[in-house]
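Let me begin by presenting the structure, written as structure tokens, before commenting on it.
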Ligand code: PLP
């Protein structure tokens with residue numbers, strides 16, 4: 001048993017939380033999460049909460065998977081640590097790299113035979129910045145330095161990660177972006193579509209913003225374009241079907257590298273091992289983290305496509321880059337056990353063929369709610385836009401913070417759902433049953449009803 005008050009006091013006295021207003025935290029106190037099993041977490045007061053966010057989009061295989069703990073324990077007892085810097089290696093890192101290479105589908109003749117490991121998505125995107133610049137140096141085009149990202153994207157919290165991302169609140173702190181990183185608009189039809197423009201037309205226009213930016217900078221100066229297949233932290237922004245094929249045309253035409261940041265979208269989240277397969281595009285680098293270990297232990301990395309790997313390995317010499325925990329044997333052992341578990345339970349296919357279609361059906365029903373202006377899903381992520389007027393899709397005054405109001409009702413009703421402005425988003429564990437999806441949908445409805453009641457008070 002935990003003494004909640006004592007933990008909360010120590011928490012506000014000593015612990016700086018990520019992305020948290022500490023003034024607010026001190027007055028309200030944090031909720032102390034103490035246990036988890038399946039799709040549920042429990043707080044120190046014994047409340048059971050359905051975790052529709054899989055932690056931070058990472059607990060793909062659900063909580064309480066003993067074999068992942070067992071894999072960590074066995075590896076900790078055999079070889080808890082060794083690095084791969086000086087012509088040494090370790091078995092789990094090698095096996096996991098080979099496993100990832102085998103799972104990454106070939107697209108139009110391009111393969112992913114190589115993997116670089118880090119401990120997080122942020123570190124992996126920092127690696128990407130150095131990798132693409134190194135590649136262009138080796139190609140004799142060192143002036144190709146600029147990387148283009150998108151507004152409202154999230155690529156991590158390190159200097160390079162936060163710069164690649166397009167969160168204005170992050171850029172405002174710490175003089176970001178760093179030089180050589182620029183942004184284009186996100187493909188968010190609900191917000192940015194023009195009157196009379198179809199979603200398909202909008203998708204093309206949003207993609208062509210990349211071409212305009214390339215021409216503005218000069219194609220010979222652009223190194224790469226980075227994007228999430230579906231923007232996650234930005235609010236589950238699902239691109240129109242026309243978007244990715246047009247992006248592919250543009251990067252091909254100008255010869256620039258394509259980085260697919262799949263920290264959220266890989267490992268079954270969109271119903272495939274890797275999300276580029278769903279949308280049919282051909283990246284040169286794929287960032288991964290989170291779901292690779294179902295969040296049980298920190299691990300991230302970059303799948304390096306053969307276009308870059310060939311140059312880097314054949315004529316690269318030493319790449320002066322690496323982390324103490326690159327290829328950490330315990331993290332890699334857990335990653336391997338997690339991927340084997342997901343393979344055995346056939347989770348990507350299960351999401352694609354069973355869970356995602358059912359979630360889409362249930363979300364279409366939620367779309368009928370008077371507070372909901374848009375309800376959409378893609379694989380096993382979903383978003384709802386809370387609106388003041390269903391017909392005109394007019395939004396509430398941002399001062400009202402309706403998203404946060406709804407989030408508070410979720411908390412009270414035993415549901416974790418995230419608010420991004422007035423967009424409510426979920427990314428549940430991939431091990432849900434239909435009954436659990438029904439339970440989640442019923443909770444979402446109750447939270448929407450409660451929010452509406454509060455707004456009408
Ligand atoms: N890239 C994407 C798309 C993410 O969603 C995240 C985290 O949410 C990151 C990168 C950063 O990963 P990490 O928090 O492991 O550094």
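Some points to look at:
- Matching residues, segment 121-130, being crowded, with 22+ Cβ neighbours inside 10 Å and under 16 Å from residue 312 (Cα atoms): 127, 128, 129
- Condition check for residue 181: more than 24 Å from residue 274 (Cα to Cα), within 15 Å of the ligand (Cβ to nearest atom) and either in contact with a strand residue (DSSP E or B) (Cβ under 7 Å, 6 or more places away or on another chain) or not assigned by TED's automatic domain parsing to the domain that holds residue 309 (or both): yes
- Lone qualifier among 37, 74 - being within 24 Å of the chain's Cα centre (by Cα), in contact (Cβ under 8 Å) with a residue 12 or more places away in the chain and surrounded by fewer than 19 Cβ atoms within 10 Å (Cβ to Cβ): 37
- Only one entry of 281, 254 meets the criterion of being surrounded by fewer than 18 Cβ atoms within 10 Å (Cβ to Cβ) and either in contact (Cβ under 8 Å) with a residue 40 or more places away in the chain or in the same structural domain as residue 37 (by TED's automatic domain parsing) (or both), and that entry is 254.
- Residues satisfying the stated conditions in segment 159-168, i.e. out of contact with any strand residue (DSSP E or B) (no Cβ under 9 Å at 6 or more places or on another chain) and either over 18 Å from residue 237 (Cα atoms) or buried (at least 22 other Cβ atoms within 10 Å of the Cβ) (or both): 159, 161, 162
- Scanning segment 380-393 turns up at least one residue that is closer than 17 Å to residue 263 by Cα and outside any loop (DSSP other than H, G, I, E, B).
- Test: residue in segment 352-360 that is at pLDDT 95 or above, over 30 Å from residue 68 (Cα atoms) and in contact with a strand residue (DSSP E or B) (Cβ under 8 Å, 6 or more places away or on another chain): yes
- Hits in segment 295-328 (condition: over 20 Å from residue 260 (Cβ atoms), surrounded by 24 or more Cβ atoms within 10 Å (Cβ to Cβ) and out of contact with any strand residue (DSSP E or B) (no Cβ under 6 Å at 6 or more places or on another chain)): 328
Okay, residues lined up against (1) more than 23 Å from residue 420 (Cα to Cα); (2) in the same structural domain as residue 244 (by TED's automatic domain parsing); (3) free of Cβ contacts under 8 Å to residues at least 24 places away in the same chain; (4) within 20 Å of the chain's Cα centre (by Cα):
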residue: 98; (1), (2), (3), (4): yes, yes, yes, no
residue: 117; (1), (2), (3), (4): yes, yes, no, yes
residue: 139; (1), (2), (3), (4): yes, yes, no, no
residue: 148; (1), (2), (3), (4): yes, yes, no, yes
residue: 153; (1), (2), (3), (4): no, yes, no, yes
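- Residue check for residue 57: within 25 Å of residue 167 (Cα to Cα), modelled with pLDDT of 95 or more and not assigned by TED's automatic domain parsing to the domain that holds residue 273: yes
- Across segment 293-313, the number of residues qualifying as in a helix (DSSP H, G or I) and within 16 Å of the ligand (Cβ to nearest atom) comes to 1.
- For segment 212-245, filtered to residues that are over 30 Å from residue 60 (Cβ atoms) and touching a residue at least 40 places away in the same chain (Cβ under 8 Å), the residue that is nearest to the ligand (Cβ to nearest atom) is 223.
- Pick from segment 362-414, criterion surrounded by fewer than 22 Cβ atoms within 10 Å (Cβ to Cβ) and on the phi > 0 side of the Ramachandran plot, ranking: farthest from the chain's Cα centre (by Cα): 393
The values are calculated or read from the model by the stated rules, or taken from the named source; none is laboratory data. Keep in mind that what you see is a predicted model, and the values were worked out from it rather than measured. Counting neighbours? That spans all protein chains shown, and the Cβs are built from the backbone with ideal geometry, glycine included.
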